[in-house]
Every structure is written in structure tokens, then in C-alpha cells.
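Shown next, in C-alpha cells, is the structure this report addresses.
The values are calculated or read from the model by the stated rules, or taken from the named source; none is laboratory data. In this text, all values refer to a predicted model and were calculated from it rather than measured experimentally. Positions of Cβ are backbone-derived with ideal geometry, glycine not excepted, and every protein chain shown enters the neighbour counts.
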Amino acid sequence: MIKSCYIHIPFCKKICTYCDFCKFYYNDEWVTKYIKSLDNEIKLNYKGEILNTLYIGGGTPSSLDNNLFEELLKICKRFKLNDNYEYTIEFNPEDINESKLSLCKKYGVNRISIGIESFNKDNLKYLGRDYLNFKEKINLVKKYFDNINVDLIYGLSIEDINVLNNDIDNLLELDVPHISCYSLIIEEHTILNNKGTKEISEDLDYDMYKLINDRLKDYNHYEISNYAKEGYESRHNLTYWNNEEYCGFGVGAASYIGNKRILNSKDILSYLDNEYKTFEEELTIEDKISYELILGFRKTKGININDFYNKYNKNMIDLYNIKELIKEGKLVVKDDYIFIDDKYLYIENEILSNFV
């Protein structure tokens, strides 16, 4: 049963050098048409389910001018939310202002996710981001919301561990309840890749990852890249990591409904012509188990053995080469959970590849 929904807003005022998400340069005419098409897609496909979480991401949802931003929030009032809902919208720091925050409050948003990425001017230039007084911006958000996430990107080829340490100092000064830290991956269709940028060494990446874990000890490291104060874990993202059903609306959005994974068109012109879906995959039980393992092992707590058996009528330990990974010490069994050992989390992709 669907309990979560994602809305994709693909427009950006500028394109970051590392971004491979579905995005387009901001254009008022296209944004206006897009909002209408999004409204139509939701009317056609949303069946009135009561949601636990709603998430508006991008792209840059906050890049919309105030009228279109409010129009977007009005459309999202169509969704029925339970009494204890989580409703997140992504902001770029430069878009944070009283009017947009007031609109968010008015329309029921209760969580703000902010892409700061770094406090270092050279890092920000490398990433194609703007340098601002981030503390001032976060303090403004705190006037309206207490549930705030801040993103940090580390592992840039120009960055050393001292720069990262200083970034963490600044991050901790913000005193926000949720932090996401992502090691930079040079994706294929990005500006950095086109420039021939190389990723940092595995040794340096590990040292940086370990530094982050050591410095964020007051947070619950509940997922490979995510840290939260108690009660502030991202319930929406946990929907994905728990392999639960969700719906997605907007160009390039994905859905997982019943036995199907569905992808929307990444072609903005097709989407504006109300041609939404481009791919639909019927999942076998083996597919679902594979997703369960790949997503579930991202959580530091791992996967509950009994819940897995109740869901699939299979003993998780007998699947793939899980027994071998346990013998190697890469997976740990404790209190009815199987999880990746802390010292191997930084190479989780290598471990998760066993379940593809």
C-alpha cells in the first residue's frame, strides 16, 4: 500500500557541475506548463491514499517564483496526509527568504532540506554553487521550522582532510537535527565528467568518511550517508530503504506500486504533452528480494531476519552468498538483524553488488 509520494521539479537557475539528476534550465513559460501537466498527472493517477510522507525534490523546487511556488504547493494540497505526516521540500540556500518559508508553513510543509554542500569558497566554485552567509540562512529557516536537513558533499579532488574538518566545524555550528554527507561520485552525464575529473583515492575517501563518523558522534548514523538526532530520521527516505511502495510524479520520477517499478519520461516535451510513463517493469519475487537486500543494507541497523522471512517466506541467511559474507566479517548477525559491519560501510557498493 502506498504511504509515500515524491514530486519532481526539474528546473534550476544554474546547473551544478556534479549533478546527473533530471534537470533543465529555468524558463517561466516551461515552468508554467509543467505545473499544469504535473497537476493533470496527479489528478489521473493519485487514488486518494492517505500518506505518511510527501517529498518535493529536484532540480530546485525553491527556484520557482513566488506565484508558481504557491501554485505548486496548492497542487500538493490534493494529497491526503495522516496526522503525523512528514512533508519535505528542497531548498537552495540562495532561495531561502521569508515569503517562501511563510508559504511552506501555510501549506503544511514541516521539513526543509537544504543543499549547502560546502562552506569552502573553492569547493563551492568547483561544484558550481554560490557562497553565502549560510548561518544567517539557516537561522531564518529555524524561525519557521525545527525539522531541517543540510547536505554536505566531500571527496573533491581539490579538497584535503583539513578543508573537510573545517566544513564539519561549520556544519556543527548550524545545530540542525539532520545531516546528509555524500562522497562525490563523478557521474557520466555531468560537467565534471566532461572535464575529465577523477575521483579521489579510496584511502583518502575512507579517511574522510571516518572523520565524518568521528565528528558526528552525537548523531545517530542510521544510513550510510545520513545522520540524525533522535526522532529526526528521514521517514520518506526510509520508505525507499525499507523497500516499501511509493508513487512519483513529475518528469523522470519513479514509482514502486504492487509488483511494478515504473519510470516517468525524462523528455520534458513529452511530459508537457501529458505523455508521462515510459517504462514499466513487472517484478519477480527474486527481483523484490534483490531490491530488499540492496536497499536494506544501506541502513546501519540492517535488515530484520524475522521480518524478511514473514515477507518472503525465505531464510535470508541462505540467500546469495550471505553466509560467506558473514564468515568474512563483512556482514554481522546480531539481535535478529543482519547488517554491514561498520568498518566495511565505506565499501558498501562492493558488498551490495553481491545481491544484483
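Against the conditions (1) surrounded by fewer than 17 Cβ atoms within 10 Å (Cβ to Cβ); (2) closer than 18 Å to TYR246 by Cβ; (3) of a type in the set (D, E, K, R); (4) modelled with pLDDT of 95 or more, LYS47 satisfies every one except (4).
Among the residues of the range 56-101, the ones that are in contact with a Lys or Arg (Cβ under 6 Å, 6 or more places away or on another chain) and closer than 19 Å to GLY248 by Cβ come to 3 in all. Of the residues examined, ASN82 is one that is in the same structural domain as PHE145 (by TED's automatic domain parsing), polar (S, T, N, Q) and surrounded by fewer than 16 Cβ atoms within 10 Å (Cβ to Cβ).
In the range 340-356, the residues that are under 20 Å from ILE289 (Cβ atoms) reach residues that are of a type in the set (S, T, N, Q) and modelled with pLDDT of 85 or more with C-beta atoms within less than 6 angstrom, at least six apart or across chains, in these pairs: ASN354/ASN321; PHE355/SER290.
Those helices (runs of 4 or more DSSP H) of the range 66-144 in which 2 or more residues are without any contact (Cβ under 8 Å) to a residue 24 or more places away in the chain occupy 121-127, 134-142.
For every residue, the table says whether it meets (1) among the hydroxyl-bearing types (Ser, Thr, Tyr); (2) over 22 Å from the mean Cα position of the chain (by Cα); (3) at pLDDT 95 or above; (4) within 27 Å of SER180 (Cα to Cα).
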{"position": "SER265", "(1), (2), (3), (4)": "yes, no, no, no"}
{"position": "SER270", "(1), (2), (3), (4)": "yes, yes, no, no"}
{"position": "ASP273", "(1), (2), (3), (4)": "no, yes, no, no"}
{"position": "ARG298", "(1), (2), (3), (4)": "no, no, yes, yes"}
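The rows are residues; the columns are (1) in a loop (DSSP other than H, G, I, E, B); (2) among the hydroxyl-bearing types (Ser, Thr, Tyr); (3) closer than 20 Å to PHE119 by Cα.
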| residue | (1), (2), (3) |
| --- | --- |
| GLU187 | yes, no, no |
| ASN213 | no, no, yes |
| ASP218 | yes, no, no |
| TYR227 | no, yes, yes |
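Which of the following residues is under 21 Å from ASN264 (Cα atoms), in the same structural domain as LEU184 (by TED's automatic domain parsing) and out of contact with any His (no Cβ under 7 Å at 6 or more places or on another chain): LYS33, LYS135, LYS125, LYS143?
Values: LYS135 fails: under 21 Å from ASN264 (Cα atoms); LYS125 fails: under 21 Å from ASN264 (Cα atoms); LYS143 fails: under 21 Å from ASN264 (Cα atoms).
After applying the criteria, what remains is LYS33.
Scanning the range 296-328 for residues that are surrounded by fewer than 19 Cβ atoms within 10 Å (Cβ to Cβ) and closer than 10 Å to PHE355 by Cβ gives LEU319, TYR320, ASN321. When you go through TYR206, TYR182, TYR144 one by one, which is the residue that is under 22 Å from LEU101 (Cβ atoms) and either surrounded by fewer than 19 Cβ atoms within 10 Å (Cβ to Cβ) or of a type in the set (A, V, I, L, M, F, W, C) (or both)? Result: TYR144 is the single residue among TYR206, TYR182, TYR144 that is under 22 Å from LEU101 (Cβ atoms) and either surrounded by fewer than 19 Cβ atoms within 10 Å (Cβ to Cβ) or of a type in the set (A, V, I, L, M, F, W, C) (or both).
Of all the numbered requirements in (1) in contact with a helix residue (DSSP H, G or I) (Cβ under 7 Å, 6 or more places away or on another chain); (2) surrounded by fewer than 17 Cβ atoms within 10 Å (Cβ to Cβ), TYR34 misses one, and that requirement is (2).
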